[in-house]
Amino acid sequence: FWLKALVQANLAMCFLIGATGPGVTRSGEALLGSVSDDPYLFRTFVKADMGGMQPYVGTELRYIPASTEVTGLSGQEDLPPPFEWEPGQPGRGVNAAGLAFTVALVVEQAGEAEDAVPFSSLCRQMMTECSSVAEAVAVLLEARKVSPAFTVLLADAAGGLAQVEVGTHGCVLHRQYSKDKPGIVMAVNCFQCILSEFNTAEAGLSHHGSNNGARLERGWELAELHKGHIDVDVLASILADHQNRIRDCSQNALIQCWGYSICNHGTCSRIDYDAAQPPWGTVSAEILQPSLRTLHYCYGWPCGEKVEFCDQLFQSRSWGRFIGFSLTRVLDQKLEAPAFSCTTIEGSVTEIGELLRTGPETVHSR
């Protein structure tokens with residue numbers, strides 16, 4: 001059931017956190033953080049788009065074909081990817097106006113999707129047309145019906161913060177905060193608003209076999225621990241957290257061989273990679289700082305640990321640190337390419353990406 005739900009989904013399975021306001025974040029600014037969990041043959045990369053009405057920098061997804069050289073198994077080269085995705089769709093991003101967003105797929109019960117708005121079009125619309133949380137919330141609510149289903153965290157340079165949940169069963173503003181009304185939002189791969197009755201049984205927070213409840217509970221524990229001091233460094237440490245990692249990920253009721261910790265080390269414990277039944281884990285992590293129009297990005301695991309099994313493909317290249325990419329460094333420059341990649345799917349910063357790079361780099365506290 002969940003595989004069908006992933007059609008045209010980008011950065012499918014995730015943990016998200018957002019915070020804003022005095023007494024919550026260290027500076028009072030709004031911040032977003034996320035981990036992007038996928039089969040390891042899917043890789044994210046940073047891309048800047050300067051050609052639209054509103055420039056933005058965000059992340060996109062790309063699939064690496066299952067060649068024998070990469071996976072260690074023969075005969076899988078022609079296997080289709082485990083889910084489809086929309087090329088060019090940003091899954092996280094911040095634009096020149098200071099609006100940021102990040103998303104997590106919701107595994108919802110089947111609904112009537114025939115007249116639903118494609119979620120990918122809303123992502124691009126928010127980044128290229130909206131300047132504030134209020135404007136982005138309006139775009140999402142006006143859609144009325146969206147496919148596939150997602151929970152969306154929004155933040156802006158003025159300190160706005162919101163959580164909107166959208167799907168084939170409706171679109172709902174779940175929580176909204178500001179500098180005058182400080183607060184924290186958090187999301188995993190299920191509805192938490194009044195639409196929660198449309199979660200599949202396996203996705204529900206009370207289902208012991210699902211990792212949704214474990215990750216959300218741990219996220220709130222860490223948020224309360226750091227409340228009043230949340231900044232980019234603190235978010236980096238939260239996104240690198242390993243509590244619940246010792247649980248057997250082969251027992252995950254949502255997706256087999258996908259782990260239970262926030263920084264996710266899912267594995268089938270194999271010496272090769274079976275593209276027909278792949279393990280899932282954290283292929284990147286992101287922190288969005290709209291006040292500085294900056295995306296802080298980490299390729300692979302933010303913890304920086306070494307791989308344990310051969311099926312954790314490309315994770316040996318994990319940065320273990322966040323590199324900032326800021327629009328403010330190029331807004332006044334005339335660039336030949338209207339859109340360009342700032343990083344590669346192998347985890348390198350491109351030459352043109354260096355133009356956006358800002359420092360210092362952020363490493364989580366070990």
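For this structure, a couple of remarks:
- Subset of the range 347-366 [in contact with a strand residue (DSSP E or B) (Cβ under 8 Å, 6 or more places away or on another chain) and among the charged types (D, E, K, R)]: Arg357, Glu361
- Checked against (1) of a type outside the set (Lys, Arg); (2) touching a residue at least 12 places away in the same chain (Cβ under 8 Å); (3) surrounded by fewer than 24 Cβ atoms within 10 Å (Cβ to Cβ); (4) farther than 23 Å from Gly88 by Cβ, Ala138 meets all criteria but (2).
- Complete set of residues in the range 348-366 that are surrounded by 19 or more Cβ atoms within 10 Å (Cβ to Cβ) and part of a loop (DSSP other than H, G, I, E, B): Leu356, His364
- Residues within the range 63-105 that are within 17 Å of the chain's Cα centre (by Cα) and crowded, with 16+ Cβ neighbours inside 10 Å, tallied: 18
- Every residue from the range 112-127 that is within 14 Å of Val146 (Cβ to Cβ) and either aromatic (Phe, Trp, Tyr) or buried (at least 18 other Cβ atoms within 10 Å of the Cβ) (or both): Ala116, Val117, Phe119, Ser120, Leu122, Cys123, Arg124, Met126
- Hey, Gly75 modelled with pLDDT under 95, part of a loop (DSSP other than H, G, I, E, B) and more than 20 Å from Ser131 (Cβ to Cβ) or not: yes
- Among the residues of the range 310-347, those identified as hydrophobic (A, V, I, L, M, F, W, C), farther than 17 Å from Tyr40 by Cα and open to solvent by less than 70 Å² (accessible area, probe 1.4 Å) are Phe322, Ile323, Phe325, Leu327, Val330, Leu335, Ala337, Ala339, Phe340, Cys342.
- Selection of the range 159-174 for residues being buried (at least 21 other Cβ atoms within 10 Å of the Cβ) and either within 29 Å of Gly28 (Cβ to Cβ) or without any contact (Cβ under 8 Å) to a residue 40 or more places away in the chain (or both) yields Gly159, Gly160, Leu161, Ala162, Gln163, Val164, Glu165, Val166, Cys171.
The values are calculated or read from the model by the stated rules, or taken from the named source; none is laboratory data. Keep in mind that what you see is a predicted model, and the values were worked out from it rather than measured. Don't worry about glycine lacking a Cβ; one is built from the backbone with ideal geometry, like all the others, and counts go over all protein chains shown. The area values use the complete protein model at the heavy-atom level, side chains included, leaving out ligands, DNA and RNA. Shrake-Rupley method; radii C 1.70, N 1.55, O 1.52, S 1.80 Å.
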